[in-house]
Amino acid sequence: MTISPNDVKVLREKTGAGMMDCKKALGECNGDMEKAVDYLRAKGLAAMQKRQGKVAAEGVIGHYIHSNGKIGVLVELNCETDFVARNEQFIQLAKDLCMQVAAADPKFLKAEEIDDAFREREIAIYTEQLKAEGKPANMIPKIVEGKLKKMAEEVCLYNQKFVKDPDKTVQALVQELTLKLGEKIEIRRFVKLVLGEGIEKKQENFAEEVAKMSGSATNK
């Protein structure tokens, strides 16, 4: 069958795959666009798995300062080569990740990196809540496990829904760019700074201050 240049163009835009790969995929799938997308993704995911053993030591440190100057974010996004590190899509991803951290406030990078103290504290809270709701004791561990998975979607950067497109997770976003650029791409670390966080501020009682001032004035 004949594959039109426009179909190849559309498939390329959908997947980021090369022109010849798109033409071959459409041929293999008898021109069916959706099947061709799945075909390329399957090939790409297999190739991506092979790249997991590669060293990704190049990349960029994305940065974002909120307009009021009170929130700052740094994200280290790694790739395999300096060539990809200069790619506009790669740099844009780093910027988007900074915005993600600023807006969604993740505490950990991945679910497996949630520390034991945090996990145990959440388990204790969920368990007490479920007991108070009268849930059967034998069901509580299973329900807690489900809640922990849900929690990971809220506190782990990779597991969070992307703020610009909630239909995707951050992990899916990284995978998509990995398929497009053909290199291992990963988020290594991030930090969010909030002005004054952790500083114990002196609490002023305005009413007491006014009373003191009034008393001083009266005594004079």
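Residue count for region 102-115, restricted to those that are surrounded by 15 or more Cβ atoms within 10 Å (Cβ to Cβ) and touching a Cys at 6+ places or on another chain (Cβ under 9 Å): 5. Scan region 24-39 residue by residue and report those that are without any contact (Cβ under 8 Å) to a residue 12 or more places away in the chain and in contact with a Phe, Trp or Tyr (Cβ under 7 Å, 6 or more places away or on another chain). Hits for region 24-39 are E28, C29. Of the residues examined, E208 is not one that is part of a loop (DSSP other than H, G, I, E, B) and modelled with pLDDT under 85. Here V55, V84 are screened, and the one residue that is touching a Leu at 6+ places or on another chain (Cβ under 7 Å), more than 28 Å from V194 (Cα to Cα) and outside any strand (DSSP E or B) is V84.
Conditions tested, residue by residue: (1) of a type in the set (S, T, N, Q); (2) closer than 24 Å to C156 by Cβ.
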{"site": "S67", "(1), (2)": "yes, no"}
{"site": "L74", "(1), (2)": "no, yes"}
{"site": "F83", "(1), (2)": "no, no"}
{"site": "F108", "(1), (2)": "no, yes"}
{"site": "A111", "(1), (2)": "no, yes"}
{"site": "Q129", "(1), (2)": "yes, yes"}
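Exactly one residue among N159, N138 is part of a loop (DSSP other than H, G, I, E, B) and touching an Asp or Glu at 6+ places or on another chain (Cβ under 7 Å), and that residue is N159.
Scanning region 162-181 for residues that are touching a residue at least 24 places away in the same chain (Cβ under 8 Å) and either assigned to a helix (DSSP H, G or I) or touching a strand residue (DSSP E or B) at 6+ places or on another chain (Cβ under 6 Å) (or both) returns F162, V170, L173, V174, Q175, E176, L177, T178, L179, K180, L181.
Within region 91-101, is there a residue that is surrounded by fewer than 18 Cβ atoms within 10 Å (Cβ to Cβ) and among the small types (G, A, S)? Looking through region 91-101, none of the residues is surrounded by fewer than 18 Cβ atoms within 10 Å (Cβ to Cβ) and among the small types (G, A, S).
The values are calculated or read from the model by the stated rules, or taken from the named source; none is laboratory data. Because the structure is a prediction, the values reported are computed rather than measured. Virtual Cβ from ideal backbone geometry, glycine too; neighbours counted across all protein chains shown.
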